[in-house]
Structures are given as structure tokens and as C-alpha cells.
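The values are calculated or read from the model by the stated rules, or taken from the named source; none is laboratory data. These figures come from a predicted structure and were not determined experimentally. Positions of Cβ are generated from backbone atoms using ideal geometry, with glycine treated the same way; all protein chains shown enter the neighbour counts. We work out accessible area using only protein heavy atoms, side chains counted, and drop any ligands, DNA or RNA first. Shrake-Rupley method; radii C 1.70, N 1.55, O 1.52, S 1.80 Å.
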Amino acid sequence: MRAAEIRKKFLEFFRERDHEMVPSSPVVPLDDPTLLFANAGMNQFKSVFTGAETRDYVRAASTQKCIRAGGKHNDLENVGYTARHLTFFEMLGNFSFGDYFKSDACRWAWELVTEGFGIDKKDLWITVYHEDDEARAVWRDEVGIADDRIVGLGAADNYWSMGDVGPCGPCSEIFFDRGDAAACGPKCALGVCDCDRYMEIWNLVFMQFEKHPDGTQTALPKPSIDTGMGLERISMVLQQKESVFDTDALAAIMNEIATITGRPYDTGDAGTPHRVIADHVRSLTFAIADGAYPSNEGRGYVLRRILRRAARYGYKLGMEEAFIYRLVEFLGREMGEAFPELIERQEVIAKLIRSEEEQFGRTLNQGMTRFGDVSDRLGKGEAFPAAEAFFLHDTCGFPIDLTEQMCREQGLDVDKAGYETLMAQQKERSRKSTSATTESAGATVVKISTTEPTVFTGYQEFQGNGQVREVLATPGRFQIVLDATPFYAESGGQVGDTGTIASGDFRLRVTGTKKQDGVFVHDCELDGGDPEAVRADVTVETAVDAERRLAIHRNHTATHLVHAALRDVLGDHVQQKGSLVAPDRLRFDVSHFEKVSADELREVERRVQEQILQDTAIEVTECDKDEALARGAMAFFGEKYGDKVRVVQIGDYSLELCGGAHCARTGEIGGFLFVHEGSVSSGVRRVEALTGTGTLERVRDAEDILRDVCGSLKTDRDALGERIEGLLQEIKDLKTANKKSAQKDLLAEIDGGAGDRWSEGGREVIAASWEGADMDEILRVADALKRRDGERVFVLASYDDGGVRFLVGSSAAVKKGQVHCGNIARDGAKTLGGGGGGRPDMAQAGGKDVAKLAEAMQLMRDAAAQQLGS
Ligand code: SER
């Protein structure tokens, strides 16, 4: 039975028993911050179990994409070493939300396994939670299983929870016995060892409780059922294979890996790399297809670790170049019918994986060599030094679990505690250096005593009245706190407002606004009037620089449009990494693995402009965070949001949590133009853009430049490119011609008698030097002198302020062993305070001490004359 048929049969069985067929949720649960990846079929029903949500069905069945890596359920370390572990797998499951309970769940499971799938009862065992007499009774009395085939186990085995929080309860598992041949030894027994003989194929969880963040548990509204059966494992049993990697779901990719690497798959230990790569590329592909991407934190870092682990196993197979990405298309062909997202997002997945592989590939070799050098010096059981593990992490990008894995393979420990200390120290260093920059960048470093938050009136109003609550004065400056203000305080990337604060007695220029715990601090300088009058309790008039603020609105709203358009054009892996919203421009950093091409930028620009032309109204609402997320608002779980959030919506194009100030309609943005695209750090790109009249000015400037350039080059704009090409070619030709003539001159000068000479009986030494001569020309002169008849030694030098470079050579007629140009050059270089040497017939060297040029030339000439003459 192929995996596809097994999947179908399972779902069909429960459809006939009134279960709703529910599709898999994404393997990346963007709406559940407690979970890195979907780790079980029940995840998407979490709030149905807890009673927070009701659906119009009480029974469901599904096949769920799962990844068990990095979270509470983590099989990463086992993959490749056992017959049954995978980080990515499909979980078949049936669920009851307060409807049927233990009796039906157990009876149906047994019926499907024995009658539906035809597994021999004598190969099956059952485990129950040791205190769950009810479950034991169901299996024994209702299903008819002998009591000695029902094994009671503790919480570690038979009490299931989704994570540190969420639904949980006792469970009961069905095991398949693979027979004596698969046993690990005489003590092999269910619940005693963890080898591949007894293989869990189905877990039935009797959901009864919910765990809360404070560690307490409460009862679920009604007892419920959550079951999970790994598709690959049941396939292994029904297809009578030795491991999940031999089943039809994985065999093809194992073959493909063998083809690409040129290493046939071995089902024993030597096949570990194949198994790891096959599993890991599935996890990576599915996770990226659902919107995750490798990065340095959270689930992104789990993916990066998975990839680096796979790359290192590839390296073991001799693959030093990126190759894992080549499996993505293959997976699409194999699994794309059941999971169309693999085909739809194929290109982006392959690109992301490739770029990650290439990035790691740059340091993989260095890391492997370093690891080899260090581990070779250690004996079994010794600890791999913390500093080395840190070096591998910091310089070579080896995640610590990879180093640990490599050490395990060599029978070594790792000084993990020492490593953690080094990591903590590094964190502290970088924390210090960042906070130092913020302070030096002029952050408000005043100590205000006001604690009551300032009322912000500036979303709609740019002017108003306020009462001064607190004043901190330094020479020439004031930090003012008011009870209410229209001045926006720098936050969320949007810069603080400027403007004026005035009373009848004074006038202050506000040069910036910041906030500390909700208290707004206006940074001001005196613009007129009596400084003594700037006191607490005074009533003032406030006025924000409205033009500037409106320009900020344009850039802020445009930032949201850019974000949405970048995701449209580049893919959902694009996430905001930072932004600056200023009056004169916007800057936006996003996660993306390669340069955003000129065509892509143009397309993003076009889409943003399209939204501007539609003149859509911007709607701002306040609601609960959960409601906002349910509406699909973009938010990042790394960030802190209060319970009440502000949601900024631009038609059906953009929905974001945002506290910033925006245009009323997109049309106000006017124009939009990218002016920069570049890299910020690995995997993060930066774009900068202009809006409003800024775009016009930029285009106007560009037009002026173009006109001037065309004028100077006496051409029109259509022919400009060609004209420049022509000029560049002309320059190139001239340079070559110039070089040629310069070379002729040098040779001619020598022929005309230049330089210092010694000659005797047809033998000749020439020593000549030129200021600023090109070494290529000197080489060509040397070549000509070498080929000329007669015994000749020559020293040719070029010098400038930076030093001297010279060449010593002998002609072909000089007898072997008579002259050693290399030695002559070495001595000459020594005189010049430098070094170098070379072959007996040709050497190049140099030194910095130009003042010694004459001395060195004479020394070399004499040495050459002496050697040639003797
Ligand atoms: N949630 C349980 C498991 O993952 C049964 O589906 O094993």
C-alpha cells in the first residue's frame, strides 16, 4: 500500500464515522507564539479543546505536516541514526471535541489497524498510563486484548502535552513488534529500551487538562480525543521495510541523493548522511514553503541549524559545493500533488536554501579542518575546549549542537559550560557597544521624574494647548514635559516631531521629541522671551511643524505599501527588520537572501504607485491583539505589543499593527521612487525611497545632470550610452598605445646608452632605473634583453616615493651556474630595506628605502660584473 493510499484509507475510515475532513494547517504556526513548528495534528484545534473556540463539528480527521525540531518535541539528534525518526513527517489523526472518548477511540483504532490495514494482532502491543485503569479496561474488556500485552508506563512515555502550555492528558500507544531480529539485546523489551524493535505507530491521547504559563493545570470543558499516527511509520510497517527511509515516501529522494553525490545509499551506518539529508531537506522545504526562513533567531535559527547539519553530512559525502537546493525541485515532483505549495514556491525555496548553503559553504571547510586539528589532539572522553567551540560558532558558523554531534561521533565531550560563558560575555560586549552608540547618537539622557503618561493628541491635531508638568534646564536648552501634546515622540521607526512651544512670555523651538515609558519629552531651545518664565504649571500653546509632519505621514504610509509590495513581488519570507520614517525619505530593512534586482524594484515601485493612484482611505482602528492577528495583521512576535493595539489598514492591500502617524488617503503620498538598494548584513537588504515632492526634486536633479552630461559630451540622451561606451573604449585604446610607446622608449633609452654599464670581452652588465616606470614594461624590456645575443646581466628598476621595485636577469647565453640573479637581487633588496629573490636567471625584489637606490644599483652591478667576469 503506497503512502497516498494509506492516507486515503485512514481519512476514509473516519469520514465514514462522521468526522469532518480538515486540511493540514501550515507547518509554521505564525499565529501561535508558543510553538516553533506544528508538532502534532492537534495544534490547529488547540482552542477547540480548551473551549475558547467552537466549530460546527465535534469530530475531525486530518493529515498534518509536522516538524519536530527545536521545541518540546525534538527528534533532530535521532534522525539518521534510527529506523523511525524524522524531523518532518505527516501525522494522520482523528479528534473528538467533547464527543466520543476512550472507548470509541480505542475500538476504532484497533479496527483500522487490524482489519483495515491487516496488521497481525500478534505483532501488536499496547501501552497505557500506569494510573489509567479505565484505558486498560477498555483495551482488555472491550477490545479483547490479553492483559499481559498491555504495558503500564509512567508520565514520560504515556502522558502527552503539546508544550509547556496547552492541552494535555494521559495517552495510550499502539506498538508494532518488528521481531527478535530487530532486538537490541537480551534485555530488549517494550518500555525498557528505546531501540527500533518495538515501534510506536499510533498515539491516542485522552485530552483532559490544560497547562497554563504559571504551571497550574485546569480541566478541559469536556474530555476529548486527539490521536496521531505517523504516515511514514505506518507505511514502513505495511510496506514491510527496514526503515522509514525505505518507504515509498522517501525512497525516491534517497536515490536522488545517491545520484547527486555519486555515493550509493547504504542501509547501515554508512547511510546516515543520506538519511539526514533526505529528512532535513523535507523539513526545510516545507517550512520555507509555509513562510519561515533561516535566520539567527527563533524558528529561523532552528532551520539554519537543520540546514548546516545537512550541509555538514553532505561534506562527509564529499560535497563541498551547494547541492541541497537541487533536491527542492525533485521534492516538488514527488510530493507536489498532495502539497501544491511546494511547487508554487519552488523557486524561492531553492534560492533561499542555496544562498544559505553558499553562505555556510564559505566557512565549512575551515571549520571542519579546525575541528579535525583540535579533535586529533584529544583522547576519547576528553572535552573539546570551550574556546574552540566558540571559535567554530563565531567564525565558522557551526551551531553548538553541530559541534556536539561531531564530538559525539569521536567519543569526545564538549566544555558546554565554558562555551555558554563565552557566549554570555560576547552578548554583554555587544550590548555595551550598542547602548554606547545610542547614547552618543544623542538619545535623551535626562532623568525626568514625571510618571503619568502624556496624552498624545497629534494623530489628528497639529496644534493645541498644554500645561507644563516638568522642566529640566541646561544652558541654552530645556527638556519639557507637558500633560498633553500633539508632538509625536520617536518610536516604531518614525522620527520625533519638531515645532514650537510658546506662552505669552517665551517661545521655544522644539528640535526633537522622545518618550520614556509613555512620558513625552520635548527637547527645546529658547527662541525668544524670558527663560525664567519657562516653569512648571505654565499653560503653553503647542504647534507641530505641519509640513514636516505631513511629509513624515507620506513616508510612513508608503513604508507600509513598500512592505506589502515587497512581499508580493519577492515572497512571504520578506519580513521587516527595521525602518526609519523621516520627513525627507524612508528606509526599510527586510529579510531577503539576495540583491533585489532593478526589475524587482521597478515592479515594487509600480505597485506602490498603483496604490497611490487608487487614493485608498487609510483606516485606523484599535482592538485586541488577538482580534488583530485573527484579521491577519502583520506583527512580529519578537516585539512587545500591549493587549490593545492599533491597526492600520490600507484597503485590502496592507494590514499592520502600528502606532505611527499616517496619511488619510494614499493619494497624499503623491509620488514614490526608490533611490537605494543595498546589503545591511547577511540575509538583510535595505531599500531607501522618496515620496511626495521629494521624488520630483530627485527626478528634476537627475534630468539636469543628464542634460549637462549630454551637453558636455555633445550628444543627446538616446545616444548617451553609446557615446560613453565609445569614450571608454577610446580611453582603453589610448592607454594601451601609451604603454606600448613607453615600452619602446625604455628599450630605446638603453640602446642609446642609458644606465650604468660594465662591459668586457663582449660580456655586458646594464643597471638602469626609471621613476614611475610600469613593471609590465620593465618585464617586456627584460624579455627583449634576455633574448638578445651575447652574455648579458641587467638590473632594471622602477622607483617612486613609495619605494623601489627591480628585476635582475641574465641573457640566454650566460652559462648556467655562473651568475645567480636571485642572490644578487636579495642583496640589493637588503640594502633597500626590503626583501625578495628568485631564480638564478631571473629575480624580482624591492624595498622601501629609495634614498639607497644608487647604492643598491651599484652593489648589484658590481656583483653581476664580478660573477660574469670570473
Ligand atoms: N498529539 C499526540 C501526538 O502527537 C497525538 O496526536 O503524539
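Things to note:
- Per this entry, TRP139 is counted among residues that are surrounded by 14 or more Cβ atoms within 10 Å (Cβ to Cβ) and either away from the ligand (no atom under 16 Å from the Cβ) or assigned to a loop (DSSP other than H, G, I, E, B) (or both).
- Filtering region 64-109 to residues that are polar (S, T, N, Q) and touching a strand residue (DSSP E or B) at 6+ places or on another chain (Cβ under 9 Å) leaves GLN64, THR87, ASN94, SER96.
- Criterion violated by VAL28 - all others in (1) away from the ligand (no atom under 14 Å from the Cβ); (2) open to solvent by 40 Å² or more (accessible area, probe 1.4 Å); (3) closer than 28 Å to HIS212 by Cβ satisfied: (2)
- When region 144-170 is limited to residues that are farther than 22 Å from ARG68 by Cα and touching a helix residue (DSSP H, G or I) at 6+ places or on another chain (Cβ under 8 Å), the one that is most open to solvent (accessible area, probe 1.4 Å) turns out to be ASP147.
- For THR511: the one exception among (1) part of a strand (DSSP E or B); (2) under 20 Å from GLY659 (Cα atoms); (3) modelled with pLDDT of 95 or more; (4) not aromatic (Phe, Trp, Tyr): (2)
Quick grid of which residues meet (1) free of Cβ contacts under 8 Å to residues at least 40 places away in the same chain; (2) within 14 Å of the ligand (Cβ to nearest atom):
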{"position": "ASP157", "(1), (2)": "yes, yes"}
{"position": "GLY166", "(1), (2)": "no, yes"}
{"position": "SER172", "(1), (2)": "no, yes"}
{"position": "PHE175", "(1), (2)": "no, yes"}
{"position": "GLY185", "(1), (2)": "yes, no"}
{"position": "GLY191", "(1), (2)": "no, no"}
{"position": "TRP202", "(1), (2)": "no, yes"}
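- Among residues of region 50-66 that are over 28 Å from GLU341 (Cα atoms), those with a Cβ under 6 angstrom from a residue that is surrounded by 22 or more Cβ atoms within 10 Å (Cβ to Cβ), sequence gap 6+ or separate chain, pair up as THR50/GLU210; VAL58/PHE97.
- Candidates are the residues of region 54-91 that are over 30 Å from the mean Cα position of the chain (by Cα) and within 13 Å of the ligand (Cβ to nearest atom); the one that is farthest from ASP104 (Cα to Cα) is SER62.
- Test result for GLY834, open to solvent by 50 Å² or more (accessible area, probe 1.4 Å), at pLDDT below 95 and over 19 Å from GLY869 (Cβ atoms): no
- Checklist (1) modelled with pLDDT under 95; (2) more than 16 Å from the ligand (Cβ to nearest atom); (3) not in a helix (DSSP H, G or I) applied to TRP125, failing item: (1)
- Any hit, region 296-306, residues being more than 27 Å from LEU392 (Cβ to Cβ) and in contact (Cβ under 8 Å) with a residue 24 or more places away in the chain: no
- Residues in region 218-245 that are in contact with a helix residue (DSSP H, G or I) (Cβ under 8 Å, 6 or more places away or on another chain), part of a helix (DSSP H, G or I) and of a type in the set (A, V, I, L, M, F, W, C) were compared, and the one that is farthest from the ligand (Cβ to nearest atom) is PHE245.
- Residues of region 204-217 that are β-branched (Val, Ile, Thr) and within 13 Å of the ligand (Cβ to nearest atom): VAL205 alone.
- Within region 31-53, the residues that satisfy the criterion of being away from the ligand (no atom under 14 Å from the Cβ) and of a type in the set (A, V, I, L, M, F, W, C) are LEU36, ALA52.
- Applying the set (1) open to solvent by 50 Å² or more (accessible area, probe 1.4 Å); (2) modelled with pLDDT under 90 to ARG805 leaves exactly one unmet item: (2).
- For VAL581, the conditions (1) under 27 Å from the mean Cα position of the chain (by Cα); (2) open to solvent by 50 Å² or more (accessible area, probe 1.4 Å); (3) within 30 Å of ILE480 (Cβ to Cβ) all hold with the exception of (2).
- Hey, GLU347 open to solvent by 50 Å² or more (accessible area, probe 1.4 Å) and outside any helix (DSSP H, G or I) or not: no
- Region 717-739, residues that are among the charged types (D, E, K, R) and surrounded by 11 or more Cβ atoms within 10 Å (Cβ to Cβ): ARG717, ARG723, LYS739
- The set of residues in region 380-414 being open to solvent by 60 Å² or more (accessible area, probe 1.4 Å), touching a helix residue (DSSP H, G or I) at 6+ places or on another chain (Cβ under 8 Å) and either charged (D, E, K, R) or not in a helix (DSSP H, G or I) (or both) consists of ASP394, THR395, GLN410, ASP413.
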